[in-house]
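S.K.: Sharing a structure here in structure tokens format.
Read-outs: derived from the displayed coordinates by stated rules, not from any lab. Just so it is clear, the model here is predicted, and its values are computed rather than measured. All Cβ positions, glycine included, derive from the backbone under ideal geometry; neighbour counts span all protein chains shown.
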Amino acid sequence: AMLPEIYQRIKAANPNFKGFVVQTTAAQLKKMDPEFLQKAGIRHVEIGVESYNDSILRAHKKPANEQLIDESAQKLRNAGIGLIPNIMVGLPGEDQNTYKRTMDWLNRNSDIVSHVNAYNLALYDESELGKKIGALSNADKDENQITKSFHVNPQVHKDFANELFAYASRQLDKHPNVDATAKN
């Protein structure tokens with residue numbers, strides 16, 4: 001509730017200030033009205049899409065679902081605010097079809113996606129998923145490794161990662177006003 005006031009103070013002291021990037025969930029974004037988002041000087045909203053597949057999101061107890069993700073994208077579009085989706089590569093259950101659905105969603109929302117935060121799944125022994133999978137390889141624990149020991153078809157995950165990185169690069173090229181640090 002204080003963000004609009006903070007935005008006005010910063011903007012008055014620094015007229016070149018372009019606005020905030022906020023990170024939230026699709027469920028939390030649903031509670032924010034577009035007028036608040038604009039008055040608060042929010043320029044981009046980062047949300048954890050992770051996978052545009054209800055079956056994958058449910059299986060991994062993620063707080064979002066396709067409907068909430070779509071509502072969030074539309075709200076941001078209507079408010080003239082950019083979207084930074086967090087996308088996960090390597091979740092158990094992902095396959096060529098689920099990855100295609102995620103890419104289709106990204107392409108449908110290219111008009112508002114400023115850039116993408118892409119993450120490779122990294123598991124930890126003490127995590128719920130780590131315990132479920134059991135003996136974890138070093139690659140399973142490494143966020144820099146795309147393929148994991150439990151992947152049925154590792155190439156599917158590599159192919160999606162390559163497609164995702166190419167999409168993300170194109171989005172950065174379309175939005176040259178995105179801070180250069182986002183490209184690193």
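S.K.: Considering amide H positions built from the backbone, and no H for Pro or chain starts, which residues 5 or more places from Val113, or on another chain, come under 5 Å of its amide H?
M.R.: Leu83
S.K.: Can you give the relative contact order of the chain as a percent, counting alpha carbon pairs under 8 Å and 6+ residues apart?
M.R.: 17 percent
S.K.: Where the convex hull is taken over the Cα atoms of region 29-76, what is its projected area averaged over directions, in nm²?
M.R.: Numbers: hull surface 13.3 nm².
The orientation-averaged projected area of the Cα hull of region 29-76 comes to 3.3 nm².
S.K.: Still on this structure: Taking only Cα atoms, what is the 0 to 90° angle, nearest 10, from helix 96-108's long axis to the longest principal axis of the chain?
M.R.: For 96-108 against the chain, the angle is about 10 degrees.
S.K.: Scale the Cα Rg of the chain by the rule-of-thumb value 2.2 N^0.38 Å and send over the ratio, two decimals.
M.R.: Details: Rg = 17.8 Å, N = 184, 2.2 N^0.38 = 16.0 Å.
The chain yields a ratio of 1.11.
S.K.: Here's something else I'd like to know. Whole-Hz ³J(HN,Hα) for each residue in region 48-65, computed from phi via Karplus 6.51 cos²θ - 1.76 cosθ + 1.60 with θ = phi - 60°, x for glycine and proline: what do you get?
M.R.: Once rounded to whole Hz, the list reads x, 6, 6, 7, 8, 8, 4, 4, 6, 4, 5, 4, 10, 6, 7, x, 9, 9.
S.K.: Residue by residue through region 15-28, which ³J(HN,Hα) values in whole Hz follow from phi under the Karplus form 6.51 cos²θ - 1.76 cosθ + 1.60 (θ = phi - 60°), with glycine and proline marked x?
M.R.: Calculated HN-Hα couplings, in order: x, 7, 4, 9, x, 9, 10, 10, 10, 7, 9, 4, 5, 5 Hz.
S.K.: For Asn120, which sequence-distant residues (separation of 5 or more, or a different chain) have an amide H within less than 5 Å of its own amide H, given hydrogens modelled in the peptide plane?
M.R.: Those qualifying (amide H under 5 Å, at least 5 residues apart or on another chain) are Val89.
S.K.: So what is the diffusion coefficient of region 1-98 in µm² per second by Stokes-Einstein at 37 °C and 0.692 mPa s, using a Kirkwood Rh over Cα pairs? Intermediate values should be presented prior to the final figure.
M.R.: Details: Rh = 14.6 Å.
Result for D is 225 µm²/s.
S.K.: By how many degrees, 0 to 90 and rounded to 10, does the Cα axis of helix 66-79 deviate from the longest principal axis of the chain?
M.R.: Value to nearest ten degrees: 20.
S.K.: Chymotrypsin sites (Phe, Trp or Tyr not before Pro), restricted to region 1-39: which are DSSP loop and have at most 15 other Cβ atoms within 10 Å?
M.R.: Of the chymotrypsin sites (Phe, Trp or Tyr not before Pro), the ones in loops of region 1-39 whose Cβ has at most 15 other Cβ atoms within 10 Å are Phe17.
S.K.: Please compute the contact order of region 80-165 in relative form: average sequence separation of alpha-carbon pairs under 8 Å and at least six residues apart, divided by the residue count, as a percent. Working shown, then result.
M.R.: Values: 102 pairs, mean separation 29.4, N = 86.
Relative contact order here is 34 percent.
S.K.: Which residues' amide hydrogens lie under 5 Å from the amide hydrogen of Ile42, considering only partners 5 or more residues apart or on another chain, with H built in the peptide plane?
M.R.: Counting only residues 5 or more places away or on other chains, the set is Phe20.
S.K.: So how long is each side of region 106-167 along the principal axes, counting just the alpha-carbon atoms, biggest first, in Å?
M.R.: So the extents along the principal axes, rounded to whole Å, are 42, 22, 17.
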